[in-house]
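Report on the structure given below.
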């Protein structure tokens, strides 16, 4: 990417990390390569097998949970259902028909509340493969789940080393709400773009980081924090080093969001159609951090009676996850494992937004976007605990998968959805 590139930061405190940017064989200063040794590209890709393996194992767990749901209710069609339920049906509508030319209630919601990147992938994949739209959506979600695991591993490894990166990905793919990585949801695509952006910023791949920010802001509203990350990382370099590439990156990064806003302005007369459309969800809107606090209040006041409301229980769990994660990140900083400033921008921004929707149903899922929280717990996770922790998370993820799928064919006393 030119003379702007810098080597990865030192990671002496967290172990020696794999250098993916080292010189190729034959370049000046590179040691001669043994004829018997495998090609260089195999050495570079071999560490990625671990996050890929973790992800595959987690999907096997979700698959078996889906089989259990199918066994309980034979009429359930798991694959097509996972590609077309809840938010998935809106993405399928956009993939098939695009956005409407006016804002109106399309059945307790509106397509304009959803961003275009994931529907575009579904449409393209269905056209190329001949798959049905629901099947294409599941295939895309599974693929992006894999790329998100790899991207998170690379981003974390760049700052904290490979050991913490391995554990962070392990916690991420087995997180209870990570069953949505097998459904027509945007978590996999967004986290691929988010982690890719932070990795690129750590390496000073300015234009690459900006393009990832563009993709993230075309995927969901959390993408605005990646734009801020690019600006925060680029500003001091432009000011102190008078570099051009970070300035170019700062100009490119908001183009995705601006393009979607311009498109909405042209079609429906407002550049913030994705915000205006929220009124069609029975008054759903952002109430900064209040939903989680209400759930915590109910748990403290009513105790065990709150267990009858799974949304509140999961929301309180997400609140504890975020609070402890942030506290551990601060402790990491004090011990010398310093997280870059743009990582803090992303973490704080996504945590605040995750806990701010009017309805608490999806808060646990939203917290997955704050993947640096997994880093914090990975830092404290002892090898002796890994099996028990991952096993417990896998059971919770499988249980949530079964509950969500069963709730579609058999009415539950209290509706639950991701």
Quiz item: Taking the stated definitions as given, is residue 13 out of contact with any strand residue (DSSP E or B) (no Cβ under 8 Å at 6 or more places or on another chain), part of a helix (DSSP H, G or I) and at pLDDT below 50?
Solution: yes
Self-check item: Search result, residues across region 294-349 that are within 21 Å of residue 171 (Cβ to Cβ) and modelled with pLDDT under 85
Solution: 313, 314, 315, 316, 317
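Just need a number here: residues in region 94-110 that are under 16 Å from residue 122 (Cα atoms) and touching a residue at least 24 places away in the same chain (Cβ under 8 Å).
4
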Quiz item: On the given criteria, is residue 144 outside any helix (DSSP H, G or I), buried (at least 20 other Cβ atoms within 10 Å of the Cβ) and within 18 Å of the chain's Cα centre (by Cα)?
Solution: no
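Could you list, in sequence order, all residues of region 220-269 that are assigned to a helix (DSSP H, G or I) and within 20 Å of the chain's Cα centre (by Cα)?
Kept after step one, since they are assigned to a helix (DSSP H, G or I), are these residues of region 220-269: 221-241, 245-252, 255-268.
Answer for region 220-269, where residues must be assigned to a helix (DSSP H, G or I) and within 20 Å of the chain's Cα centre (by Cα): 221, 222, 223, 224, 225, 226, 227, 228, 229, 230, 256, 257.
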Quiz item: Say we look at region 71-96 and pick out the residues that are in a helix (DSSP H, G or I) and farther than 24 Å from residue 111 by Cβ; which of these is modelled with the lowest pLDDT?
Solution: 78
Exercise. Return yes when residue 198 is modelled with pLDDT of 95 or more and under 16 Å from the mean Cα position of the chain (by Cα) and no when it is not.
Key: yes
Quiz item: Do we find a residue being modelled with pLDDT of 70 or more, under 19 Å from residue 150 (Cβ atoms) and surrounded by 12 or more Cβ atoms within 10 Å (Cβ to Cβ) anywhere in region 62-70?
Solution: yes
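The values are calculated or read from the model by the stated rules, or taken from the named source; none is laboratory data. On a predicted model such as this, the values are computed, not experimentally measured, just so you know. Note that we place each Cβ from the backbone using ideal geometry, even for glycine, and neighbour counts take in every protein chain shown.
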